[in-house]
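Notes follow the structure.
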Amino acid sequence: MKVTALIPDELIKEVMELTGGKNITESVIIALKDYIANKKINYLIDEVSKEPLQFNEDFTAYGIRKINKNR
């Protein structure tokens, strides 16, 4: 998608330095992908905080190894 955006030069320069992109387009793509990944991680952290993961009472490392061995 072709986009025209008015972004301050200082911000673009900093994004290029931090991402190590070869040009503006690559740098913005890297920055956007990183932003999206961080948002997804934060969402998952919030979800797990609301309802923490719980293991079954009979959960043991030996039992899991046995299951994995039989696959």
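Pairs from the table (40/69; 2/40; 2/39; 22/50) lying more than 30 angstrom apart at Cα are 40/69; 22/50. The order of 27, 49, going from fewest to most other C-beta atoms within 10 Å of their C-beta, is 49, 27.
A straight chain from residue 60 to residue 40 at 0.36 nm per residue would run longer than the Cα-Cα distance by 4.2 nm.
Our coupling estimate for the range 59-70, obtained by passing each phi through the Karplus curve with A = 6.51, B = -1.76, C = 1.60 and θ = phi - 60°, is 6, 9, 4, 4, x, 5, 4, 5, 4, 5, 5, 7 Hz, Gly and Pro reported as x. Taking every DSSP helix (H) stretch of at least 4 residues in the chain, weighting each as -39,500 (n - 2.57) and dividing the sum by the residue count yields a mean residue ellipticity at 222 nm of -22000 deg cm²/dmol. Taking chymotrypsin sites (Phe, Trp or Tyr not before Pro) as exposed when their DSSP state is a loop state and no more than 14 other Cβ atoms lie within 10 Å, the longest site-free interval of the chain runs over 1-54. The coefficient of translational diffusion for the range 9-69, derived via Stokes-Einstein from the alpha carbon Kirkwood radius under 25 °C and 0.890 mPa s, stands at 162 µm²/s.
Where a number appears in this text, it was derived from the coordinates with a stated rule and is not lab data. Here the structure is a predicted model, which is why all the values come from computation and not from measurement. For neighbour counting, all protein chains shown are included, and Cβ atoms are generated from backbone atoms with ideal geometry for every residue, glycine included.
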